[in-house]
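I have placed the structure first, in the form of structure tokens, so that the comments after it can refer back to it.
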Protein chains: 2
Amino acid sequence: MPDPRRPLRIALLGCGVVGTEVARVLTGDADELAQRVGAPIELVGIAVRREGRRRDLDVPDDLFTTDAMALVARGDLDVVIEVIGGIEPARGLILAALENGASVVTANKALLAEDGATLYEAAEKAERDLYYEAAVAGAIPIVRPLSDSLAGDRVTRVLGIVNGTTNFILDAMSTTGAGFNDALDEAQRLGYAEADPTADVEGFDAAAKAAILAGLAFHTRVHISDVHREGITDVTAADVRSAAEIGSVVKLLAICELGPSGEVSARVHPAMIPDSHPLASVRGAYNAVFVESEGAGQLMFYGPGAGGAPTASAVLGDVVSVARHRLAGVRGAGETVHAQHEIVPIGRARTRYHVAIDVDDRPGVLSAVAQAFAANDVSIKTVRQEGHGDDAQLVVVTHEAEDAALSATIDRLRDLDMVRGVSSVMRVEGVA
Amino acid sequence: MPDPRRPLRIALLGCGVVGTEVARVLTGDADELAQRVGAPIELVGIAVRREGRRRDLDVPDDLFTTDAMALVARGDLDVVIEVIGGIEPARGLILAALENGASVVTANKALLAEDGATLYEAAEKAERDLYYEAAVAGAIPIVRPLSDSLAGDRVTRVLGIVNGTTNFILDAMSTTGAGFNDALDEAQRLGYAEADPTADVEGFDAAAKAAILAGLAFHTRVHISDVHREGITDVTAADVRSAAEIGSVVKLLAICELGPSGEVSARVHPAMIPDSHPLASVRGAYNAVFVESEGAGQLMFYGPGAGGAPTASAVLGDVVSVARHRLAGVRGAGETVHAQHEIVPIGRARTRYHVAIDVDDRPGVLSAVAQAFAANDVSIKTVRQEGHGDDAQLVVVTHEAEDAALSATIDRLRDLDMVRGVSSVMRVEGVA
């Protein structure tokens with residue numbers, strides 16, 4: 001237990017958008033944070049990649065160092081905050097921080113989804129806290145609600161809009177009728193998408209968050225490779241219009257489910273959700289996580305999913321929690337992975353589908369198409385014809401079916417003479 | 001610290017709708033809860049008011065007792081769950097439980113808002129936990145987010161729909177055009193309102209929650225008598241129509257604000273909020289709490305605000321947290337009331353107003369009305385005339401003004417010859 005008369009020593013690794021904001025609050029609001037913690041706090045070092053970069057921060061120059069490893073190895077730190085991101089050097093630094101007796105607060109979703117097990121085990125061995133509220137959905141409190149508030153309940157499903165960039169793009173497509181590329185350009189122009197948008201638009205960022213959410217929700221370990229991932233680059237203006245025709249919107253969803261036999265699935269893909277669903281009204285770059293559980297029923301957590309100040313809010317909440325524990329000589333609840341759920345592949349996920357099929361405009365086509373669904377035990381809820389002649393299209397919405405059965409249906413449809421092509425397949429989620 | 005080989009002993013006080021569900025999960029899902037806690041748990045007693053009542057519970061008869069005080073005074077309890085409600089005997093039982101070494105989980109908003117200070121102090125003295133997630137907004141995790149997740153941020157405003165009965169009634173009025181009494185009848189018929197609906201429709205329930213929320217949000221003590229309270233019994237179908245005309249809906253809001261000079265206000269009253277505000281789409285008996293903070297920006301927490309299973313979910317989340325602490329021989333973060341904020345009366349609250357004034361339909365009336373506002377420094381944003389002749393009405397929406405100034409304006413309006421009456425005054429909230 002630290003000497004209560006000395007301040008709690010905090011080191012910050014990384015000083016980009018989030019780190020700068022964290023440092024600003026740790027120094028500027030130190031007195032208020034000290035009251036929340038119950039002891040003074042002191043920012044003793046900031047590890048940066050390059051010296052000399054102009055930072056908009058009122059802190060002494062000698063706090064900055066380019067030797068992050070030397071900083072975490074000081075041996076007298078109470079809390080290390082990691083906001084560098086990526087796998088290395090973040091992993092090595094976090095492990096060194098724990099080994100040297102510090103608790104760790106991180107916003108690193110990629111590392112947690114890739115190798116959370118190593119971090120948790122190191123925290124357990126070192127008897128220190130590993131907190132990461134900022135890793136999922138930015139400022140939105142979702143880690144504590146899942147790990148603590150819902151600890152006496154059984155979560156059955158998590159549906160999350162956990163990537164602001166893709167939500168901004170899809171919202172823009174829905175509002176303006178633009179195609180993906182135009183909406184991406186606009187997002188880049190406004191700073192909502194990076195110059196290389198791959199991590200966002202291909203769903204990698206959301207998949208990392210899905211792995212973390214599934215682990216928390218179902219008390220089991222889920223690796224990012226367990227998460228089925230599809231991005232939004234193939235979503236067309238026509239898909240967005242089709243969604244509107246069935247009273248829905250297209251969102252990139254992270255979906256974590258606990259099946260009836262205890263099997264867990266985690267997937268990220270674009271999906272149509274009904275306008276009446278609380279997630280449908282999540283606009284722009286906002287995030288939201290919708291949680292279904294046996295006891296609580298339906299809960300939703302909504303807020304900004306990224307940005308310097310919001311992410312810093314989540315980081316600093318963890319810093320206060322960890323510092324309080326430190327002061328009391330205790331630890332918070334660690335990882336609970338008592339449940340050994342089977343992680344099932346996407347083929348066994350069950351949901352509904354919206355399928356647009358370009359067909360010849362002649363008698364018998366509906367019957368042939370319906371037969372392709374029936375042969376794979378995929379039950380049709382609605383079917384309607386759009387257009388005529390060369391533009392004839394059948395739009396089918398199914399009842400719940402296994403993903404593998406739907407894939408087999410699509411293969412069969414593509415083999416039909418009367419089918420000119422399957423122009424769109426999209427899952428439909430959030431239907432009661 | 002309890003012997004890790006023996007189960008954690010839990011006693012339940014109260015076995016109504018919530019208590020029955022808590023007992024059902026504690027016994028039926030004991031194995032899963034044990035894994036979450038890290039040790040077995042055992043429900044050792046259930047205090048009820050009357051013996052012999054038929055309860056839909058598969059627990060041994062000898063668990064039931066009518067002597068609650070003897071149960072909490074056993075001296076070997078780890079956790080006492082209080083779901084009796086009301087001030088006494090709940091307060092005496094909670095104090096006795098703490099004195100006898102148990103941690104306490106309660107859903108008792110009335111008691112916390114009336115005498116939370118006594119409970120917190122008793123918990124502090126006994127070095128035990130006092131948890132109460134279920135006391136505000138049922139299943140919605142809001143206590144931990146405010147006390148822990150946002151502990152490194154500065155909350156500036158909380159807007160909550162925290163009473164399901166009144167939200168159901170106002171939603172029904174908005175959807176069907178019904179008046180208050182018809183909507184209340186419907187709510188009673190469907191079980192959303194009690195036979196005596198006073199606590200809900202007069203805003204007492206929401207005011208207790210507002211006191212708790214304000215205390216948590218601003219780290220200061222707020223008593224229920226500090227909360228300005230107006231219910232929804234005077235809300236008319238005309239008010240709801242007026243709201244629709246300005247693109248808004250009427251909601252009963254609990255509003256907690258931190259002013260620019262550190263003053264705190266807490267109030268409960270019906271208000272118009274714009275359709276675009278996330279709270280506007282909270283339908284039926286659902287609750288939601290909208291939080292604004294300096295770092296995180298805007299957050300919203302949404303879910304069922306009442307009911308047996310949802311409330312039990314929140315209670316059981318607390319039970320798991322408290323039991324984990326108990327097992328580790330530690331306590332969670334206690335009350336933080338380091339901030340000594342001034343609690344200001346409603347007169348000093350600042351907001352916008354929607355005022356409907358029945359006027360004579362003749363030249364000069366607008367000028368006279370406008371002068372009444374100007375004389376009290378209340379700036380008018382929009383004014384429009386509705387109806388003609390005997391039905392002539394001026395509808396004024398103001399810019400932000402002090403409540404006292406608006407009251408003075410209304411008094412002055414009522415003195416005007418050309419004003420036949422002020423038919424409606426409602427605050428307008430949630431405007432950017």
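Counting the residues of region A:25-68 that are touching a residue at least 12 places away in the same chain (Cβ under 8 Å), out of contact with any Pro (no Cβ under 6 Å at 6 or more places or on another chain), farther than 16 Å from B:ALA151 by Cα and not in a loop (DSSP other than H, G, I, E, B) gives 9. Tell me yes or no: at least one residue of region A:55-73 is surrounded by 17 or more Cβ atoms within 10 Å (Cβ to Cβ), closer than 28 Å to A:VAL227 by Cα and of a type outside the set (Asp, Glu). No: region A:55-73 contains no residue that is surrounded by 17 or more Cβ atoms within 10 Å (Cβ to Cβ), closer than 28 Å to A:VAL227 by Cα and of a type outside the set (Asp, Glu). Scanning region A:371-380 turns up no residue that is more than 10 Å from chain B (Cβ to nearest Cβ), of a type in the set (S, T, N, Q), over 25 Å from A:ALA432 (Cα atoms) and crowded, with 18+ Cβ neighbours inside 10 Å. Evaluation of B:GLU400 against the conditions (1) surrounded by 14 or more Cβ atoms within 10 Å (Cβ to Cβ); (2) closer than 19 Å to B:ALA243 by Cβ shows that the sole unmet condition is (1). Within region B:316-330, the residues that satisfy the criterion of being out of contact with any Lys or Arg (no Cβ under 9 Å at 6 or more places or on another chain) and facing chain A (nearest Cβ under 7 Å) are B:LEU316, B:VAL319. Remark: pairs (first residue in region A:231-244, touching a residue at least 40 places away in the same chain (Cβ under 8 Å); second residue of a type in the set (D, E, K, R) and surrounded by 15 or more Cβ atoms within 10 Å (Cβ to Cβ); Cβ separation under 6 Å; 6+ apart in sequence or on different chains) = A:GLY231/A:GLU202.
Is one or more of the residues making up region A:343-351 of a type outside the set (Ser, Thr, Tyr), within 30 Å of B:VAL37 (Cα to Cα) and either assigned to a strand (DSSP E or B) or within 14 Å of chain B (Cβ to nearest Cβ) (or both)? Checking region A:343-351: at least one residue is of a type outside the set (Ser, Thr, Tyr), within 30 Å of B:VAL37 (Cα to Cα) and either assigned to a strand (DSSP E or B) or within 14 Å of chain B (Cβ to nearest Cβ) (or both). Looking across region B:184-195, the residues that are out of contact with any Leu (no Cβ under 9 Å at 6 or more places or on another chain) and crowded, with 17+ Cβ neighbours inside 10 Å come down to B:LEU184, B:GLU186, B:ALA187, B:TYR192.
Please pick out the residue among B:THR175, B:THR165, B:THR156, B:THR198 that is within 14 Å of chain A (Cβ to nearest Cβ), of a type in the set (Ser, Thr, Tyr) and out of contact with any Leu (no Cβ under 7 Å at 6 or more places or on another chain). Going through B:THR175, B:THR165, B:THR156, B:THR198 in turn, just one is within 14 Å of chain A (Cβ to nearest Cβ), of a type in the set (Ser, Thr, Tyr) and out of contact with any Leu (no Cβ under 7 Å at 6 or more places or on another chain): B:THR175. Exactly one residue out of B:VAL378, B:VAL369, B:VAL397 is assigned to a strand (DSSP E or B), among the β-branched types (Val, Ile, Thr) and in the same structural domain as B:HIS354 (by TED's automatic domain parsing): that is B:VAL397. Applying the criterion of being surrounded by fewer than 19 Cβ atoms within 10 Å (Cβ to Cβ) and among the small types (Gly, Ala, Ser) to the residues of region B:6-38, the residue that is farthest from the other protein chains (Cβ to nearest Cβ) is B:GLY16. Counting only residues that are at negative phi and either touching an Asp or Glu at 6+ places or on another chain (Cβ under 6 Å) or surrounded by fewer than 20 Cβ atoms within 10 Å (Cβ to Cβ) (or both), region A:281-312 holds 11 of them. Within region B:205-251, being among the hydroxyl-bearing types (Ser, Thr, Tyr), away from every other protein chain (no Cβ under 14 Å) and more than 15 Å from B:PRO270 (Cβ to Cβ) holds for one residue alone: B:SER225.
Restricting region A:137-153 to residues that are part of a helix (DSSP H, G or I) and more than 7 Å from every other protein chain (Cβ to nearest Cβ) leaves a set whose member that is nearest to the chain's Cα centre (by Cα) is A:VAL143.
The residue that is farthest from the other protein chains (Cβ to nearest Cβ), counting only those in region B:277-310 that are of a type in the set (S, T, N, Q) and in contact (Cβ under 8 Å) with a residue 24 or more places away in the chain, is B:ASN287. Of all positions in region B:116-136, none carries a residue that is in contact (Cβ under 8 Å) with a residue 12 or more places away in the chain, more than 14 Å from chain A (Cβ to nearest Cβ), surrounded by fewer than 24 Cβ atoms within 10 Å (Cβ to Cβ) and assigned to a loop (DSSP other than H, G, I, E, B). Restricting attention to region A:340-370, the residues that are more than 22 Å from A:ALA404 (Cα to Cα), surrounded by fewer than 17 Cβ atoms within 10 Å (Cβ to Cβ) and under 38 Å from the mean Cα position of the chain (by Cα) total 1. Every listed requirement among (1) at pLDDT 95 or above; (2) over 29 Å from B:VAL282 (Cβ atoms) is met by A:HIS219 save one, (1). Apart from one condition, B:ASP411 fits all of (1) surrounded by fewer than 18 Cβ atoms within 10 Å (Cβ to Cβ); (2) under 30 Å from B:GLU133 (Cα atoms); the exception is (2).
The values are calculated or read from the model by the stated rules, or taken from the named source; none is laboratory data. None of these values were measured; they are calculated from a predicted model. Quick reminder, even Gly has a Cβ in these numbers, built from the backbone with ideal geometry, and neighbours come from all protein chains shown.
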